[in-house]
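Student: For reference, the structure I am asking about is given below.
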């Protein structure tokens, strides 16, 4: 590995280099002179450049260096994260104007966190996995507590800090155990060793700890305790980032890891994952039923959605990875939409998070309300939306793998889910009886509107004509 | 001809305007459908086996063998005609009843119709499920926004019942897809590919159970009927009309089209239970209908009773019974729909549906009363009106299959007489409980009801066109058994 990096390789690494360079340059600018509009546009330009370089590299043959693998799969996820980052940035300008007194650093952290997630997917080695995970987590600590004048944000940040550090420690210990047993940190090396030794107890313990560490990031039951508080406490844009990019990065990383290291040959690990999936679906949905706070509700529902993704995950090798990736995309679009709207409706007085706030919204803001309905339908998995197609793919993978029990749970949970998603819609369409409060919208609403239109188009596009995107995923995803 | 079915649906999808536009759209569709039927009538009825009158297939998600496949045969055609006919009426009766949020209301109404037509024509199981769900959401809004006093509760109940059963059907569809795929190597959701798939007996029963559950909830069959009285009672008149006239029929349609041809062996195993459940439904529905005081609820329970006949006929597995089932689907759509409309008219005038607060209305509103009399008689199965033909055919068909059950089911006719006459007698005759200030039917209302009367009489005296149209389909379905 002593060779120098060639130009070609440099070019293929460009998406990641851009994400690193962008914030550094921005940092210099902030040091010289603060300008919100400039930082905003610069960040969008960074994400656009990343997306562009992803697209131009997309058809290259894959690049394998000692820590990273740059192939279609990593590029697909990186491109996805760049789009999400771009959309969050679109929402961010107005939101930060309303809520925060120091705005520019938000963008730095956002790009860094996206970089962390993207690198996680590209990692082919536990070292790079852990490093990129920390890039992501450390950025998130400060992002969550970004609105430093709000007690809730500080509380959420601290909670996340402690628990994430804890989970990193568990993950590290797991890595250490695996290393102890196999003498290798790269996935390929571990897999090669495992072929000869099989599943030794240390190895299983190590893998279990890695799964626990990953489970924390994915917020699946029983590692879900932080979710609701952090979702509620941090500002909605950061929440949407946690729900999408941060979880997506971990899902991507797990897919890559488990494609190489065949943990699904081990029954006890499969059993554990099955229990995690079932528990996530039920506990997530049942807790979501009881929430009156939209952000908390979405937090619990995200636990359930990750449970659905776990089903696809367990049916590895049966199109499960395709399904998981597609579901992730669908879920990204809807989650981003939901939190984006919350951020748009938020005033400087507080977040628009109470469900009663949405009462009669349809008669005041029909477009936004129609959009929220679309998002809720998609989360509930109603046809014509991406959520439905995602669920369909997950179910298909599950049937192929004969996971009938989990699928039955999926059906039951979908019904539970429908109930609370509909509740939001019913709220919006019910009569405005005593709600005199008017929603003040700032002038710059158009940027957010643009993002919303884009998300809505995505939801419908994925819902009505998924074959294009699915073809791309099948082409890219590792089998 | 090929684009026919697609054009109806495509035309609907972007339809979104006030009542005039919706009326015109539906009427144009209806005229188109009638024109089509008349033009091709000879071809439809003389065909030996099931010919597909319209067949449209486009690739949709080829990776999973999903296509946008619509096709229409005699059965679909009849159901589409019924759909559009009731569609026109439902727009007409909403004319004055719906006062606020009109645009959104008609938008929902047309979406339901589009979904129903889609269900009646989809020949790809994925697409079928797609339409099956599409018709739920606007119906949910229709009940939830424009319904009566307990609308939210009813809307939830409706949605959750149908959604839950729908998802189980979806799992069954997936199961079917994979059983077929494993056996033949061709993974496809297409109806024609999946026909004739062989099953292990238990697997077949389980999968059929998934389908049947969804269809029986829609139909509804007695233990699963709980959503229906609430949904019907709370929905606006047009909503009740569409629910009773069309949504319930999608259940029966599904059984004829999918459940029986896919799972002939399992269907045979289930047949005696199916007939018993149907009979229980007939008696139970009639009994409950008799004890209701809310007019709309009463009519809703008569639906339960009538749908019991459908279930009975379906699992008798012979041609006469199947003919009866289709007739029952059509005539029940007309007669119960009409009853809901009439109750809606009464409600618009009196603002109550409580049967005890009426009495002796005949002298004030003779036209309304006479219309009610006609449909009460239709509902009890008076010869000369369409329902008689239907129930007679079902019973004579099922008599061949099982005498005892049929004998019990016939009691339902007697009970039907009791509850039907009770509606009429309590509302329009007897002493006046309260002085109502009512106006009789106006021209629009007369057109609506009059057209229904004409159809029900026509079906009573000359049902042959319907029978001829569906005959090839029925023979074809029986061929799978």
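Student: Ranked highest first by average number of other Cβ atoms within 10 Å, how do A:70-83, A:145-158 line up? Please list the in-between numbers first.
Tutor: On the way: A:70-83: 24.1, A:145-158: 17.9.
Result, highest mean first: A:70-83, A:145-158.
Student: Rounded to the nearest Å, what's the spacing between the alpha carbon centres of the range B:404-454 and the range A:381-422? Just the number, please.
Tutor: 44
Student: Treating only the Cα positions of chain B as identical point scatterers, give the base-10 log of I(q)/I(0) from the Debye formula at each q in 0.10 Å⁻¹.
Tutor: Values returned for q = 0.10 Å⁻¹ are -0.69.
Student: How large is the helix-only mean residue ellipticity at 222 nm for the protein assembly as shown, computed as the sum of -39500 (n - 2.57) over DSSP H runs with n ≥ 4, divided by its residue count, in deg cm²/dmol to the nearest 500?
Tutor: Value at 222 nm, helices only: -25000 deg cm²/dmol.
Student: Kindly give the semi-axes, whole Å and largest first, of the ellipsoid equivalent to the range B:270-481, taking each as the square root of 5 times a Cα gyration tensor eigenvalue.
Tutor: 33, 19, 12
Student: Here's something else I'd like to know. Which of the three applies to the range B:354-454, rounded, prolate or oblate, going by the alpha-carbon gyration tensor with a ≥ b ≥ c and a/c under 1.5 meaning rounded?
Tutor: Working: a/c = 4.53, a/b = 1.87, b/c = 2.42.
Oblate is the answer for the range B:354-454, as a/c is 1.5 or above yet b/c matches or exceeds a/b.
Student: I've got another one for you. Find how many whole Å separate the alpha carbon centroid of the range A:114-142 from the alpha carbon centroid of the range B:185-264.
Tutor: The distance from the Cα centre of the range B:185-264 to that of the range A:114-142 comes to 49 Å.
Student: If you take the Cα atoms of the range A:168-295, find Rg, then find the Kirkwood Rh from the mean of 1/r over all pairs, what is Rg/Rh?
Tutor: 1.03
Student: Further question on the same structure: Tell me, how many Å apart are the Cα centres for the range A:246-320 and for the range B:348-369?
Tutor: Measuring centre to centre over Cα atoms gives 59 Å.
Student: Would you work out the Kirkwood radius for the range B:252-313? I mean one over the mean of 1/r across all pairs of different Cα atoms, in Å.
Tutor: Final number for the Kirkwood radius of the range B:252-313 is 12.4 Å.
Student: By how many degrees, between 0 and 90 and to the nearest 10, does the Cα long axis of helix B:295-314 differ from the longest principal axis of chain B?
Tutor: The answer is roughly 30 degrees.
Student: Could you work out the pair-distance distribution P(r) of the range A:76-180 from its alpha-carbon pairs, with 5 angstrom bin width and percents rounded to whole numbers?
Tutor: Histogram of Cα-Cα distances, whole percents per bin: 3, 12, 18, 21, 19, 14, 8, 4, 2, 1, 0.
Student: Which percent of the Cα-Cα distances in the range B:167-247 go past 22 Å?
Tutor: Pairs farther apart than 22 Å: 41 percent.
Student: Express in nm, to one decimal, how much length is gained between residue B:407 and residue B:195 on full extension, taking 0.36 nm for each residue of separation and deducting their alpha carbon distance. Intermediate results must be reported in sequence, preceding the final value.
Tutor: Values: separation 212, 0.36 × 212 = 76.32 nm, distance 3.47 nm.
The span from residue B:407 to residue B:195 would gain 72.8 nm if fully extended.
Student: Per residue of B:168-178, what is the mean number of Cβ atoms on other protein chains within 10 angstrom of that residue's Cβ?
Tutor: Whole-number average of other-chain Cβ neighbours for B:168-178 is 4.
Student: Then there's this: At a Förster radius of 56 Å, what calculated FRET efficiency corresponds to the Cβ-Cβ distance of residue B:149 and residue A:461, to the nearest 0.05?
Tutor: E(calc), rounded to 0.05, equals 0.90.
Student: Now, a different point. Mind giving me the FRET efficiency for residue A:8 and residue A:197? R0 is 35 Å, r the Cβ-Cβ distance, nearest 0.05 is fine. Before the final figure, lay out the partial values.
Tutor: Values: r = 37 Å, r/R0 = 1.07.
Plugging the Cβ-Cβ distance into 1/(1 + (r/R0)^6) gives 0.40.
Student: Going by alpha carbons, how many degrees (0 to 90, nearest 10) lie between the helix axis of B:136-146 and the longest principal axis of chain B?
Tutor: Helix B:136-146 sits at roughly 20 degrees to that axis.
Student: Can you tell me the Rg and the Dmax, both Å, for the Cα atoms in the range A:266-479?
Tutor: 18.0, 60
Student: Once the piece of chain linking residue A:370 and residue A:266 is laid out straight, how much longer is it, given 0.36 nm per residue of separation minus the C-alpha distance between them?
Tutor: Numbers: separation 104, 0.36 × 104 = 37.44 nm, distance 4.65 nm.
Contour length minus Cα-Cα distance gives 32.8 nm.
Student: Further, regarding this structure: Can you tell me the alpha carbon radius of gyration of the range A:166-212 divided by the globular rule-of-thumb value 2.2 N^0.38 Å?
Tutor: 1.05
Student: Now a separate question. Other chains near B:151-162: what is the mean number of their Cβ atoms within 10 Å of each residue's Cβ?
Tutor: Per residue, the average neighbour count from other chains is 2.
Student: Okay, moving on. To test your reading of the geometry: what angle, between 0 and 90 degrees and rounded to tens, separates the Cα axis of helix B:201-218 from the longest principal axis of chain B?
Tutor: 30
Student: Turning to a different aspect of this structure: Using a 10 Å cut-off on Cβ to Cβ distances, tally the other chain neighbours for every residue of A:388-400 and report the average as a whole number.
Tutor: 4
Student: At 0.36 nm per residue, minus the direct Cα-Cα distance, what do residue A:41 and residue A:127 gain on full extension? Give it in nm, one decimal, please.
Tutor: Between residue A:41 and residue A:127, full extension yields 27.6 nm more.
Student: Right, here's the next one. Could you work out the mean projected area of the convex hull around the alpha carbons of chain A, in square nanometres to one decimal? Intermediate results must be reported in sequence, preceding the final value.
Tutor: Values: hull surface 85.7 nm².
So the Cα hull casts an average projection of 21.4 nm².
Student: Testing the spin-label approximation: label points 7 Å from Cα along Cα→Cβ at residue B:356 and residue A:176. State their distance in nm.
Tutor: Distance between the two pseudo-spin positions: 7.8 nm.
Student: How much of the DSSP beta bridge set in the protein assembly as shown is antiparallel, as a percent to the nearest 5?
Tutor: 100
Student: Here is a further query. Would you report the distance distribution of C-alpha pairs in the protein assembly as shown as whole percents per 10 angstrom bin, up to the bin with the largest distance?
Tutor: Computed distribution, short to long bins: 2, 12, 20, 21, 18, 13, 9, 5, 1, 0, 0.
None of the figures in this text is laboratory data; all of them are computed from the coordinates on show. From a predicted model like this one, the values you see are computed outputs, not experimental measurements. Neighbour counts run over all protein chains shown; Cβ positions are idealised from the backbone, glycine included.
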